[in-house]
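Enquirer: So that we are looking at the same thing, I have put the structure below in structure tokens.
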Amino acid sequence: MRDQIAAGNWKMNTTISEGVALAKGLVDNGKTTADKMIVCVPFTHLAKISDVLSSQLTVFLAAQNLASEASGAYTGEVSAAMLKEAGVQYVLVGHSERRTLYAEDASILRKKIALAQDAGLKVIFCLGEPLEVREAGTQNAVVQQQLEDGIYHLSAEDVSKLIIAYEPIWAIGTGKTASPEQAQDMHAYIRSSLETKYGSQIANAMSILYGGSVKPANSKEIFSQPDVDGGLVGGASLKLDSFVAIANSF
């Protein structure tokens, strides 16, 4: 059985005190129908929220980014080792905002994945197509290239440690959402590609999340699709009630 996951990406939102309060609320809420919840929080919050989450096994801590170098003269960067010592268990790599706003290409993403895995962090690898690609009907080819460029150099053992998050760029923060059928079609395509590359055992065990304007009103229908194993949630994860409702959509 694949893990069913509700992951929340807070992006550059919340103060430390607000983030701690939200994390405490998730812990106090108790078990949801998700197998696990993950919160991807700003760097400034990590140590405090790690303390909140350390005594339970329901909500897990993720960083939103990591440096592409292990250490050195890289002002403002945060290394994989620093994240690990801060109590981080997961890290996002390849989010569309990092790709587009900060020009992170495949060579950078590969380095980040290697450093994260060497430090014992679990990578949530993000991919997805922009609107013009979807309108042209070439989304499968673009996602296939992102898989090949980003993770298909990995061994079967290392790729099996990943979570994949499919986020159509045209649905992130726009209020637009891929239909459940569109989400299922792409998730099934990704799983088929993984099977061709690594075999059915790895493909069938991989949790693949959908991200793109997920909210309580649509999460249950999206998560009910056979190849959708949960969501990487943006704005709706900043409100306790809405994120808990999403985590109870399985």
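No lab work stands behind these numbers, since they all come straight from the coordinates. Everything quoted here is computed from the prediction, not taken from an experiment. Note that each Cβ is placed from the backbone with ideal geometry, even for glycine, and that neighbours are counted across all protein chains shown.
Enquirer: Starting at the first residue of segment 63-73, write each ³J(HN,Hα) from the Karplus equation 6.51 cos²θ - 1.76 cosθ + 1.60 with θ = phi - 60°, in whole Hz, x for Gly and Pro.
Expert: Coupling constants for segment 63-73: 9, 8, 6, 8, 5, 8, 10, 6, 5, x, 7 Hz.
Enquirer: Give me D for segment 30-84 in µm² s⁻¹, whole number, from Stokes-Einstein with Rh from the Kirkwood sum over alpha-carbon pairs, 10 °C and 1.306 mPa s.
Expert: Reported coefficient: 126 µm²/s.
Enquirer: Can you check what the net charge comes to around ASN13, using other residues whose Cβ is under 15 Å from the Cβ of ASN13 (Lys, Arg +1; Asp, Glu -1)?
Expert: Details: positive: LYS11, LYS239; negative: GLU18, GLU97.
It works out to a net charge of 0.
Enquirer: log10 I(q)/I(0), Debye, Cα-only the chain, no solvent, q = 0.13, 0.16 Å⁻¹?
Expert: Calculated log10 I(q)/I(0) at the listed q: -0.76, -1.20.
Enquirer: Setting aside same-chain residues fewer than 8 positions from LYS176, which lysines have a Cα under 20 Å from its Cα?
Expert: LYS11, LYS215, LYS220, LYS239
Enquirer: Give me the tail of P(r) for segment 39-128 as a percent: Cα-Cα pairs with distance above 21 Å.
Expert: Numbers: 1058 of 4005 pairs.
That tail contains 26 percent of the Cα-Cα pairs.
Enquirer: Here's another thing I want to ask about it. Would you work out the relative contact order for segment 5-247, in percent, from Cα pairs under 8 angstrom that are 6 or more residues apart? Each step should come with its number before you reach the end.
Expert: Values: 445 pairs, mean separation 49.3, N = 243.
With pairs under 8 Å counted, the relative contact order is 20 percent.
Enquirer: Where in segment 93-153 are there chymotrypsin sites (Phe, Trp or Tyr not before Pro) that are in a DSSP coil and have at most 12 other Cβ atoms within 10 angstrom of their Cβ?
Expert: Details: sites: TYR102, PHE125, TYR152; in loops: TYR102, TYR152.
Listed in order of number, the matching sites are TYR102.
Enquirer: Need the full-extension length gain, GLN56 to ALA70, defined as separation in residues times 0.36 nm minus the C-alpha distance. One decimal, nm.
Expert: Details: separation 14, 0.36 × 14 = 5.04 nm, distance 2.97 nm.
That works out to 2.1 nm of additional length.
Enquirer: Just how far, in whole angstrom, is segment 105-170 from segment 206-250 if you go by their alpha carbon centroids?
Expert: Cα centroid of segment 206-250 versus Cα centroid of segment 105-170: 20 Å apart.
Enquirer: In whole Hz and in residue order, list the ³J(HN,Hα) couplings for segment 8-22 that follow from phi through the Karplus curve 6.51 cos²θ - 1.76 cosθ + 1.60, θ = phi - 60°; x for Gly and Pro.
Expert: x, 9, 6, 6, 8, 9, 6, 7, 4, 5, 5, x, 4, 4, 5
Enquirer: Could you tally the net charge around GLY211, taking each other residue with its Cβ under 13 Å from the Cβ of GLY211, Lys/Arg +1 and Asp/Glu -1? The partial results should precede the final answer.
Expert: Working: positive: LYS11, LYS176, LYS215; negative: GLU97, GLU129, GLU167, ASP229.
Summing Lys and Arg as +1 and Asp and Glu as -1 gives -1.
Enquirer: Residues with amide H under 5 Å of GLY230's amide H, sequence separation 5 or more or different chain, H placed in the peptide plane at 1.01 Å from N; which?
Expert: The answer is ILE5, TYR210.
Enquirer: How many nm is it between the label spots at ALA106 and LYS161, if each spot is 7 Å from the Cα in line with the beta carbon?
Expert: With each label placed 7 Å out from Cα toward Cβ, I get 2.2 nm.
Enquirer: Go through segment 12-98 and name the chymotrypsin sites (Phe, Trp or Tyr not before Pro) that are in a DSSP coil and have 13 or fewer other Cβ atoms within 10 Å of their Cβ. Numbers along the way, then the final one.
Expert: Values: sites: PHE43, PHE60, TYR74, TYR90; in loops: TYR74.
Hits after loop and neighbour filter: TYR74.
Enquirer: In nm, to one decimal, how far is the modelled label at THR15 from the one at GLU195, with both set 7 Å along Cα→Cβ?
Expert: 5.1
Enquirer: Quick one: net charge around LEU46, please, counting Lys, Arg +1 and Asp, Glu -1 for every other residue with C-beta under 13 Å from its C-beta. Numbers along the way, then the final one.
Expert: Details: positive: LYS48, LYS84; negative: ASP51, GLU85.
Result for the neighbourhood of LEU46: 0.
Enquirer: Also, quick follow-up: List, in order, the whole-Hz ³J(HN,Hα) value for each residue of segment 148-164 obtained from phi through the Karplus relation with A = 6.51, B = -1.76, C = 1.60 and θ = phi - 60°; use x for Gly and Pro.
Expert: Result, ordered by residue: 5, 6, x, 9, 6, 7, 6, 5, 4, 4, 6, 5, 5, 8, 7, 10, 9 Hz.
Enquirer: Tell me which of VAL143, ILE108, LEU232 sits at the most positive position along the dipole axis of the chain, charges placed on C-beta atoms (Lys, Arg +1; Asp, Glu -1).
Expert: LEU232
Enquirer: Could you state, as a whole-number percent, how many of the C-alpha pairs of segment 63-103 are farther apart than 12 Å?
Expert: The answer is 60 percent, as a whole percent.
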